[in-house]
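The values are calculated or read from the model by the stated rules, or taken from the named source; none is laboratory data. Here the structure is a predicted model, which means the values were calculated and not measured. Here the Cβ positions follow ideal geometry from the backbone for every residue, glycine too, while neighbour counts run over all protein chains shown. The protein model used for the area step is the full one, side chains on, heavy atoms only, and it has no ligands, DNA or RNA in it. Shrake-Rupley method; radii C 1.70, N 1.55, O 1.52, S 1.80 Å.
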Amino acid sequence: MGHLGRIGSQALYFCVPFREQLLEYYSSHEIGADAEDNLLTCLADLFTQINLQKKKTGVIAPKRFVQRLKKQNELFRSYMHQDAHEFLNFLLNELVDILEKEDQAAKKEGGTSSPSEKTVNGPKNPQANGVQKEPLVTWVHKNFQGILTNETRCLRCETVTARDEAFFDLSLDIEQNSSITSCLKNFSSTETLNAEDKFFCDKCCSLQEAQKRMKIKKPPHILVIHLKRFKYIEQLGRYKKLSYRVVFPLELKLSNTVEDADSEYSLFAVVVHVGSGPNHGHYVSLVKSHNHWLFFDDENVEMIDESAVQTFFGSAQEYSSNTDHGYILFYESLCANKS
């Protein structure tokens, strides 16, 4: 678990806007000596230690952070192989929960939340006495949250029903010898709802055949892409790792947006799963810092050439000695850098 905590926090540490806002939050909130640890304070403390250590050599073990993680979630207590995607999801949602609780406590005391927590829309619309409250907006949302819109068009009356949902990452189905671009196109491809899957159209007041597709309404600042490399195989009765070769570019154009305007992104981190199966293995990470790529494997860090990133695309043949496959990709929007 310490290994997973280290790899996950490395990728997040090199997410510069997230790191800066977390450290700013930590320095502007006085944490009393008797205050109880939470994942937010533990992660901020870890990032602060790394910041102070930058000009020296040595290793910082994320012990306090990992202990807190185990305490918070029993999934991460065992010695079994842990999933990096579950870890990331749990961590980001936990940070949001902590910030929401702090905001509510501040309001009860008659205080107000800090401006840094009111920058973009949050995912929840809590109800209070039947009145819809403004959702809290945090710097976690500012960095990672995007909005998907699920459009369903009735094939009888042509009425389009759109439903929005927030996301912190996109989980993509993968195919052999494909690319992130083709996986994103499949994600947004039109699906026909018929037979048992007919759609209830409010205008027709009946079940009708319809076409459904998912598009990105608001692209996030940090786009996290999770490649679904672990698939349940019915005949085997277990999960199998898909070693498929999926090309992920250093520069990505996101074209499946509502506005049909390309959003440009640059790759800055990759979490790699090493191993042939889902229940055992190892994680390493690739991180871009100051225009150089670094390879992290537990305590070992080495600089690698940019061209080495493509060795983690996956295997073109099913049985290959190479078991190092890109699993979670972190892209940063170039639009924000230009503005």
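Tell me the Rg and the Dmax, in Å, that the Cα atoms of segment 150-270 produce.
17.1, 49
List the chymotrypsin sites (Phe, Trp or Tyr not before Pro) in segment 247-335 that DSSP assigns to loop (not H, G, I, E or B) and whose Cβ has at most 15 other Cβ atoms within 10 Å. Which are they?
Tyr319
Quick one: Cα centre-to-centre distance for segment 179-249 and segment 293-339, in angstrom?
About 24 Å separates the Cα centre of segment 179-249 from the one of segment 293-339.
Mind listing which GluC sites (Glu not before Pro) in segment 277-339 are in a DSSP loop and have 16 or fewer other Cβ atoms within 10 Å?
Of the GluC sites (Glu not before Pro), the ones in loops of segment 277-339 whose Cβ has at most 16 other Cβ atoms within 10 Å are Glu299, Glu318.
For Arg213, what accessible area in Å² do you get when you roll a 1.4 Å probe over the heavy atoms of the protein chains, rounding to the nearest 10?
Rounded to the nearest 10, the figure is 90 Å².
For segment 143-251, what relative contact order do you get, as a whole percent, if you take Cα pairs closer than 8 Å and at least 6 residues apart?
Relative contact order comes out at 37 percent.
Give the accessible surface of segment 180-339 per residue, rounded to a whole number of Å², with probe radius 1.4 Å and ligands, DNA and RNA excluded.
53 Å²
With the Cα gyration tensor of segment 238-339 giving a ≥ b ≥ c as the square roots of its eigenvalues, does the rule (a/c under 1.5 for rounded; else a/b larger than b/c for prolate; else oblate) give rounded, prolate or oblate?
oblate
What does the C-alpha gyration tensor say about the overall shape of segment 130-204? Classify as rounded when a/c is under 1.5, otherwise prolate if a/b is larger than b/c, or oblate.
Cα axes put segment 130-204 in the oblate bin.
Which three lengths, in whole Å and largest first, does segment 232-286 cover when its Cα atoms are put on their principal axes?
So the three principal-axis extents are 43, 28, 15 Å.
Structure shown: which of Lys101/Lys231; Lys142/Lys288; Lys212/Lys253; Lys185/Lys231; Lys198/Lys240 lie over 28 Å apart, alpha-carbon to alpha-carbon?
Flagged as over cut-off: Lys101/Lys231; Lys198/Lys240.
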